[in-house]
Amino acid sequence: MRVVRWEGEGTGGAVKGLALPGSGSTLRRMSGATRGIWLAVGAYLLWGLLPVYWKLLHTVPASRILAHRIVWSFLFLLALLSLRGEGAALRRMINRRVLAVYGLAGALLSVNWLTFLWAVNADRLVEASLGYYINPLVSVVLAVGFLRERLRPVQWLAVGVAAGGVAYLTWRHGSLPWVALVLAFSFGFYGLVKKQAPLPALAGLAVETGMLWAPAAVFLLVAAARAGGEGPADDRVTVCLLVLGGVVTGLPLLLFAAATRCVNLSTIGVLQYVAPSCQLLIAVGVYHEPFGAAQGAGFVLIWAALAIYTLDHFLRQRA
């Protein structure tokens, strides 16, 4: 995946904008690359397991869950900034360009979140996992189109095989796998925008969610006013899950943003398949979503494309 922003590779990288309680001394003893790998693994495992969390909120509309994610994520990140004493420094870095970049990033992220939430509770987690499998190749295409990067013939072969897999799934099912494509392209464009983002991880995420906070809060207030006490009230468990959604949303994003600053992209490229693999296993093994021979064949093409691209990337790096 070429459009992810990072600063520093190997042992020269540094985790910026993130401090995990109780883990600072352990992380400091690790090399930059090792630290980044563990941060990335933690982010992808959390993303892979998140469907189980959102399934607990299946009675809540996806739009309302999204609004709660934005509101509580921002407050969680704001609290972290305050604890680190970085609020004043962040205010000095805010300008029109920063607001434009992070406003666009936040909008793309909200599209991704809403689509994923809807897919989880509509029992379309298999298709959602497909979106995150093809996301790296979508990012490559975006890099070619927007950053004028050039692909080698083997890389074009990988993109073609992946496109063939999507076309096969469309033909077999009679409709475009729009959930997968929306997730892949929204996160791909999010990565493209974040490549131009100037702020450290924590500050940037706070600005992203902060720009969406007011609309999300207004949405929740209007929804509550329209209900007028006529609908069933959320129980205490649901309320707690909605509030804690800010933590489970913000934490993997922080881990990911910090990881990309101290490991190279080939490592990130391999580790990112942890999340959709977990999602696929959960969808089929836990929630018993259908996964027949037709879907298997389409996924095999996607996996083959990823294998071709990853192998070529590693061989070129070694050479």
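The values are calculated or read from the model by the stated rules, or taken from the named source; none is laboratory data. All values reported here derive from a predicted model rather than from experimental measurement. Methodologically, a virtual Cβ is constructed for each residue, glycine included, from the backbone with ideal geometry; neighbour enumeration extends over all protein chains shown.
In contact with a Lys or Arg (Cβ under 9 Å, 6 or more places away or on another chain) and either of a type in the set (D, E) or in contact (Cβ under 8 Å) with a residue 12 or more places away in the chain (or both) - does that describe any residue in the range 90-101? Yes, the range 90-101 contains a residue that is in contact with a Lys or Arg (Cβ under 9 Å, 6 or more places away or on another chain) and either of a type in the set (D, E) or in contact (Cβ under 8 Å) with a residue 12 or more places away in the chain (or both). Here A201 meets the list (1) touching a residue at least 24 places away in the same chain (Cβ under 8 Å); (2) over 24 Å from A305 (Cα atoms); (3) surrounded by fewer than 21 Cβ atoms within 10 Å (Cβ to Cβ) almost entirely, failing just condition (3). Within the range 294-319, residues that are farther than 18 Å from Q272 by Cα and surrounded by fewer than 17 Cβ atoms within 10 Å (Cβ to Cβ) have Cβ atoms under 9 Å from residues that are of a type outside the set (G, A, S) and at pLDDT below 80 in these pairs: A294/H173; Q317/N264, counting only partners at least 6 apart in sequence or on another chain.
Considering only the range 76-94, state which residues are crowded, with 16+ Cβ neighbours inside 10 Å and either charged (D, E, K, R) or within 28 Å of L117 (Cβ to Cβ) (or both). Across the range 76-94, the qualifying residues are F76, L77, L78, L80, L81, E86.
The requirement of being in contact with a Leu (Cβ under 7 Å, 6 or more places away or on another chain) and touching a residue at least 40 places away in the same chain (Cβ under 8 Å) is fulfilled nowhere in the range 212-231; no residue meets it. Condition first: surrounded by 19 or more Cβ atoms within 10 Å (Cβ to Cβ), closer than 27 Å to Q279 by Cβ and touching a Lys or Arg at 6+ places or on another chain (Cβ under 6 Å). Can you find one or more residues in the range 143-164 that meet it? Within the range 143-164, one or more residues are surrounded by 19 or more Cβ atoms within 10 Å (Cβ to Cβ), closer than 27 Å to Q279 by Cβ and touching a Lys or Arg at 6+ places or on another chain (Cβ under 6 Å).
Consider the range 278-293 and keep the residues that are part of a helix (DSSP H, G or I) and at pLDDT 90 or above. The one that is surrounded by the most Cβ atoms within 10 Å (Cβ to Cβ) is Q279. Within the range 225-248, being surrounded by 10 or more Cβ atoms within 10 Å (Cβ to Cβ), out of contact with any helix residue (DSSP H, G or I) (no Cβ under 8 Å at 6 or more places or on another chain), at pLDDT 85 or above and not β-branched (V, I, T) holds for one residue alone: C240.
Taken together, F189, F219, F256 contain a single residue that is of a type in the set (F, W, Y) and either at pLDDT below 90 or not in a helix (DSSP H, G or I) (or both), which is F256.
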